[in-house]
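The values are calculated or read from the model by the stated rules, or taken from the named source; none is laboratory data. On a predicted model such as this, the values are computed, not experimentally measured, just so you know. Glycine also receives a Cβ, built like all others from the backbone with ideal geometry; neighbour counts cover every protein chain displayed. Accessible surface is based on the protein model in full, side chains and every heavy atom, while ligands, DNA and RNA are left aside. Shrake-Rupley method; radii C 1.70, N 1.55, O 1.52, S 1.80 Å.
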Amino acid sequence: MSTHRLIRFTLNGVPSKAMVSSQDTLIDLLQNQFDLKGARESCSQGLCGCCTVYLNDKAISACLSLAWFADGAEIRTIEGLAQGETLDPVQQAFIDAGAFQCGFCTSGFIMMTKKLLEENPHPTEEEIRHYLVGNLCRCSAYPEIIDAVKALSRRAG
Amino acid sequence: MAMADLDIHEPGDLAEAFCLLRAPDGAARPMGGGTALMLMMKAQLFKPSALVSLAKVDPRFHGVELSADGASFSIGAMTTFAELEHHADLCARLPVIAQTMVTLANPRVRNVATIGGNLAHADPHLDLPPVWASLDAEVSVIGPQGERRFPVIELFAGYYETTLQPGELIMRLHAPVQQGWRRRYVKVTTRSAHDWPAIGIAIGLKMQGARCEDLRLILSAATDRPTRLVAAEAVVRGQAITDDLLAAAGKAAASEVHIETDSRGSSDYKAHLLSVHLKRALHDLCE
């Protein structure tokens, strides 16, 4: 069996294909072949959340996922959240709350927050902290991040 | 952190999987969700020549079912943690599973990691294996020689080692739903809340008035495999629960097992944690 193969998948709604090796992670695929830099490898261990993407609508750590198995899958990245020029409400809420400094972790926090609110539109602060336990912000913008999630929750009515 | 070169296979039936796993170098590895494997491969601690995905080998590796009499759950090895965490019926009947899940890694890992892969990895620091053992759960494994079923606690042989024979795959987990048992998983971390545990204690307790009718105490993370605390159980079983009795149980627990020192605590410290947390958890469960 070859250690390379052609995979076909949907990337942010667009039918796509790529030649991948058996060692490529999803992060390698997105960064090197599609120039998508929003999800980034940081801790390489699934702990920090910087590489969060959706695979078949589920949040995963792209640094721990082999691109090989993305054949037939639907992948969504932070770059696929905005509708044209209109940011996703979660993106806008992070800007409004000033929920970042350097921004390195922000795409991961936004991707996880979106999933949190899908599953639980009115989380308590404890539930917010718990759901985001696998996302690290070294600038420590945590209070503002929690503010952003709470603001979204209030708006959800 | 590049990984070594490898082949990837996605066999569509068990016969093909067994054939692929019989690679001459013995370094073909079955793969569930792959979360633990990816960590080891990226660190180049483990360099399989091939990965054999179990995603499509057999429908019996999938699905969560409650038996008609409601006495036990049967869980496919490829079931993800998130599927169990959000399984309303299982969470209602075995709330200790949901309680354990929320202490375990993060939602992304739980979306991918599988029940079978978690058992096969046999890292003694994992949270679910001691809980399954405390439930008297059993595993069904299937291999080239056929199928067998045995208590999950007999699966573990030491650090990253199982009693699985070459080619054998964990297919399903069977977890009894016992009435009247109170259950808890105590995860003691010494560095940060979501760190690996310094010790884990899975407890099942059945009371009859003020007296303990039966109990299960399984220790993890402090030993090279999930270990039943037989002596501590014997101290408590059949007795009326008092503070003195629980102190004696904690002491028995700390002296009956060989506790390993690691970066999360010395052997002595972990023994102390064990005696204190065991006593405290049993006390809380009695109330």
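A few remarks follow.
- Unique match (being within 11 Å of chain B (Cβ to nearest Cβ) and open to solvent by 10 Å² or more (accessible area, probe 1.4 Å)) among A:D88, A:D28: A:D28
- Hits in the stretch B:34-52 - residues which are part of a loop (DSSP other than H, G, I, E, B) and open to solvent by 20 Å² or more (accessible area, probe 1.4 Å): B:A43, B:Q44, B:L45, B:F46, B:K47, B:S49
- Filtered residue count, the stretch B:53-93, keeping only those that are in a loop (DSSP other than H, G, I, E, B) and farther than 23 Å from A:A59 by Cα: 7
- Scanning the stretch B:23-58 for residues that are of a type in the set (A, V, I, L, M, F, W, C) and either more than 13 Å from chain A (Cβ to nearest Cβ) or touching a residue at least 60 places away in the same chain (Cβ under 8 Å) (or both) yields a count of 7.
- Residues that are more than 19 Å from B:L51 (Cα to Cα) and of a type in the set (G, A, S) were ranked within the stretch A:8-25; the one that is surrounded by the most Cβ atoms within 10 Å (Cβ to Cβ) is A:A18.
- Which numbered condition A:S61 fails, given (1) facing chain B (nearest Cβ under 9 Å); (2) out of contact with any strand residue (DSSP E or B) (no Cβ under 7 Å at 6 or more places or on another chain); (3) of a type outside the set (F, W, Y): (2)
- Subset of the stretch A:33-54 (residues that are touching a strand residue (DSSP E or B) at 6+ places or on another chain (Cβ under 6 Å) and more than 10 Å from chain B (Cβ to nearest Cβ)): A:Q33, A:A39
- Looking only at the stretch B:55-89, and only at residues there that are surrounded by 15 or more Cβ atoms within 10 Å (Cβ to Cβ) and either touching a Phe, Trp or Tyr at 6+ places or on another chain (Cβ under 6 Å) or at pLDDT below 95 (or both), the one that is farthest from A:Q23 (Cα to Cα): B:L66
- Within the stretch B:128-149, restricting attention to residues that are over 19 Å from B:S74 (Cβ atoms) and open to solvent by 10 Å² or more (accessible area, probe 1.4 Å), the residue that is farthest from the other protein chains (Cβ to nearest Cβ) is B:Q145.
Results for (1) in a helix (DSSP H, G or I); (2) of a type outside the set (V, I, T), shown as yes or no for each residue.
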residue	(1), (2)
A:C48	no, yes
A:Y54	no, yes
A:I60	no, no
A:W68	yes, yes
A:I75	no, no
A:Q92	yes, yes
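- Filtering B:E83, B:E10 for residues that are in contact with a Lys or Arg (Cβ under 8 Å, 6 or more places away or on another chain), within 14 Å of chain A (Cβ to nearest Cβ) and of a type in the set (D, E, K, R) leaves a single hit, B:E10.
- Of the helices (runs of 4 or more DSSP H) lying entirely inside the stretch B:193-287, those containing at least 3 residues that are of a type in the set (D, E) span B:243-256.
- Meets criteria (surrounded by 16 or more Cβ atoms within 10 Å (Cβ to Cβ) and more than 17 Å from B:P166 (Cβ to Cβ)) for B:M31: no
- All positions within the stretch A:94-130 that are open to solvent by 20 Å² or more (accessible area, probe 1.4 Å), touching a residue at least 24 places away in the same chain (Cβ under 8 Å) and not in a helix (DSSP H, G or I): A:G98, A:F100, A:Q101, A:C102, A:F104, A:P121, A:H122
- Residues being closer than 22 Å to B:V57 by Cα and in a helix (DSSP H, G or I) - total across the stretch B:94-134: 10
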